[in-house]
Amino acid sequence: MENHLPSPPNPNNAQCPTEENDDDIDEQEDEDDEEDEDYIDSDSPTPRIPQSPIARLREQKFKLETLSRRLSSELVPIRVHDVIIRGNTTTKDWVIEAELKGIEDVTTVQELIRASEIALTRLQSLGVFDSTKVSLEPGPLELPNTANVVVNIVEAVNKISGEFGVYTKPSTSSWTAEGTLKYKNPLGYGDLWDASLAYGVNQAAEVSVGLYVPRLKATSTPIAARLSMLSQDWQEFSSYKEQLLGMSLGLISTKHHDLAYTLGWRTLTDPLQMSSRSVRRQLGHGLLSSLKYTFKIDRRNSPIRPTKGHAFVSTTHLGGLTPDHRSLRFLRQEFDVRYAIPFGFYNTALNLGISAGAVFPWGHDFRNKPSPLPERFCLGGDFSPICTLGGPMTLWGFKTRGLGPAELRRQSRDVFNDDNNDSSKWDFVGGDLAVTAFADLSFDLPIRWLREHGVHGHVFAGAGNTAKLTQNEYKHFSPQRFLESFRTSVGCGIVIPTSLFRLEANYYYILRQNEHDRGKTGFRFSFSAPS
């Protein structure tokens, strides 16, 4: 057997390859190109090996840092091609789209990030979703610099929830404990149905049911409606009980503006038949048909312990919007201004506040008519003016309805007592004009554990007064006498803030009070919650 050695390649064949050889050469060149690309893409000529988890994290970190540097140094252009909503089975698409308003108008990545954060906050504030997420997907290939915004919604699995809180209510001049049961989004409009029960000091009780819809399809204004029954016992202070059965409808509700209409049937009674003449004249039934407008700006850093910022509230309440002769006709105006000044050491801050309000009847012969008894200003109460933003309501060291115009109650024939200085024999009927002012200096305590839990000390001073202006009493009003008769108090104490309320342990010292006022020097606890 002969061994045939391979002959050397023909130079002519190398210069003029056949079609079959040409295909092989092309495949070889493609493989060489892929190897070249791998060599260019890699940091070393060695083949790429699978990355470890730590290496992948470092690579992702590098990409994020690169993106962050680019976003901080230049505006990255982008356009939103489409907004895709996923996960909503009950909630209408237009309810969610309304909260995403403005996200399609962005032109840069920076604007898109800010708009997405605002949209997430709005969606969470509806209170009907367990979670909401916003992510970006690339837009169509034929449309460069575009992205699709994907909104992933997880609707609440448990549609029934409950809440409990302690609140300060200006309408009752006291604090109340309130429990609420909510039913979320049964109609798919982001609607919240609730039933609540509130109970507070002075046997104040309120039962109500309400409905809140963030917006209808044609409007951007939320709709809030509530049916309620309020019962308030003022026999200890003013010899009457108040009951109000009615409904309220929110007409406008924005960040700074609120307009509501109230229609109710109010009843004042005197079960003990001991009330003074002014109270007896207003006993019976009355129709409440009123509009209440509130303008509010609150730029303080905290409603419980503000250390910087300012706040302003103006409230206008107009009653008597029906032609019925039993309609309560009045105009009530209130102002409240707050300012917190930080000192820069030990978290020390000085809070200053001044409040003023006036109420007048209107209609035929209004100069000779009294203002409605429940709409008058009654100062006092065991809660801090720091938390009660909304008008003149409280004054340190004085009990609820503990100062202002007072009238002698009707005495029983079986009991004779000539001690007219006894405050229990007087009805505090409230004033048509009220002014209060306070100064509160708060500071951290030197114990670390107390500072970490927000417990702090404060010293304070307050002053206030009320006066009657209706039934021609304005003719005898003197600003000088009004200022000279201001009630004043000072004190100090420790404040314990909680998630529900502000607990204060204070020592009060009454500097000035009138003969029948209910102010007392001494140590007391007080509970307050943001109004």
So what is the accessible area of segment 375-494 per residue, in Å², with the probe set to 1.4 Å? 44
Is any residue of segment 302-346 close enough, with backbone N under 20 Å, to a label point placed 7 angstrom from the Cα of Thr221 along the Cα-Cβ axis, and if so, which? 314-322
Taking the solvent-accessible surface of protein heavy atoms with a 1.4 Å probe, what is the per residue accessible area of segment 223-355 in Å²? 52
Taking Lys241, Lys520, Lys182 and ranking on accessible area (1.4 Å, protein atoms only), highest first, one gets Lys520, Lys241, Lys182
Amide H contacts under 5 Å for Ser276, placed H, 5+ residues apart: Arg410
Net charge of Cβ neighbours under 14 Å - reference Thr316; Lys, Arg +1; Asp, Glu -1: -1
Between Ser424 and Tyr339, what FRET efficiency follows from the Cβ-Cβ distance if R0 is 56 Å, with the result rounded to 0.05? 0.90
Quick calc, Leu245 & Glu484: beta-carbon distance into FRET formula, R0 51 Å, rounding 0.05, result 0.75
Of Met393, Met274, Met229, ordered by accessible area with the largest first and a 1.4 Å probe, the sequence is Met229, Met274, Met393
Counting only protein heavy atoms with a 1.4 Å probe and every protein chain in place, the carbon and sulfur fraction of the accessible surface of the chain in whole percent equals 57
So, counting K/R as plus one and D/E as minus one, what does the shell of residues with Cβ under 9 Å around Arg518 add up to? +2
Using a 1.4 Å probe on heavy atoms of the protein chains only, the accessible area for Lys63 in Å², nearest 10, reads 120
Please tell me which of these pairs span more than 28 angstrom C-alpha to C-alpha: Lys184/Lys255; Lys61/Lys101; Lys101/Lys255; Lys182/Lys399; Lys133/Lys255? Lys61/Lys101; Lys182/Lys399
The chain - charge dipole about Cα centre, Lys and Arg +1 at Cβ, Asp and Glu -1, debye rounded to 20: 6980
Nearest-10 value in Å² for the accessible area of Ile354, using the 1.4 Å probe: 90
Exposure ranking of His456, His256, His325 by accessible area [1.4 Å probe, largest first]: His325, His256, His456
If r is the Cβ-Cβ distance from Asp82 to Asn158 and R0 is 35 Å, what FRET efficiency results, to the nearest 0.05? 0.60
May I ask for the distance between the Cα centers of segment 442-482 and segment 268-314, given as a whole number of Å? 17
Could you compute the net charge surrounding Val134? Neighbours are other residues with a C-beta less than 15 Å from the C-beta of Val134; K and R count +1, D and E count -1. -2
Excluding the sites themselves, what is the longest stretch of the chain that contains no GluC sites (Glu not before Pro) in a DSSP loop with at most 12 other C-beta atoms within 10 Å? 143-514
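The values are calculated or read from the model by the stated rules, or taken from the named source; none is laboratory data. For clarity, every value in this text was computed on a predicted model and none was experimentally measured. Neighbour counts are summed over all protein chains in view; Cβ atoms, including those assigned to glycine, are modelled from backbone coordinates with ideal geometry. Surface areas here come from the heavy atoms of the whole protein model, side chains and all, with no ligands, DNA or RNA. Shrake-Rupley method; radii C 1.70, N 1.55, O 1.52, S 1.80 Å.
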